[in-house]
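The values are calculated or read from the model by the stated rules, or taken from the named source; none is laboratory data. The structure displayed is predicted, hence computed values, not measured ones. Here Cβ is always computed from backbone atoms with ideal geometry, including for glycine, and neighbour counts include all displayed protein chains. Quick note on the areas: whole protein, heavy atoms, side chains included, nothing else; ligands and nucleic acids left out. Shrake-Rupley method; radii C 1.70, N 1.55, O 1.52, S 1.80 Å.
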Amino acid sequence: MRCITKEMLEEREKANCVYNYILHTPKSDFTELDKECAELKAWITEEHKKDKEIMMEALKANGRL
């Protein structure tokens, strides 16, 4: 078990410490990514709709519906 010492806490507060860097890094801006994801989702939804229509027409042509 590790005991937290004063030296450990001081080391963690240094600017070059990885822990401090992670804590104080600003959050990323995902605006563009979110927009592209929404466009992709809409496109995939439309493609699924087309595929479903093609499959239904094939089933009707074979007399299965």
#### Entry: Net +/- balance of residues flanking residue 52 in space, Cβ distance below 13 Å, scoring K and R +1, D and E -1
-2
### Summed side-chain charge close to residue 35 - residues other than residue 35 whose Cβ falls under 13 Å, Lys, Arg +1, Asp, Glu -1
-4
## Note on the structure
So the pair-distance distribution of the chain, from every Cα-Cα distance in 10 Å bins, comes to percents of 16, 18, 15, 13, 13, 11, 9, 5
#### Entry: the chain: angle of helix 31-61 to the longest principal axis, Cα-based, in degrees nearest 10
30 degrees
### Number of Lys pairs (Cα under 17 Å; 8 or more positions apart or on different chains) in the chain
7
#### Entry: Average accessible surface area per residue within the chain, 1.4 Å rolling probe, Å²
103 Å²
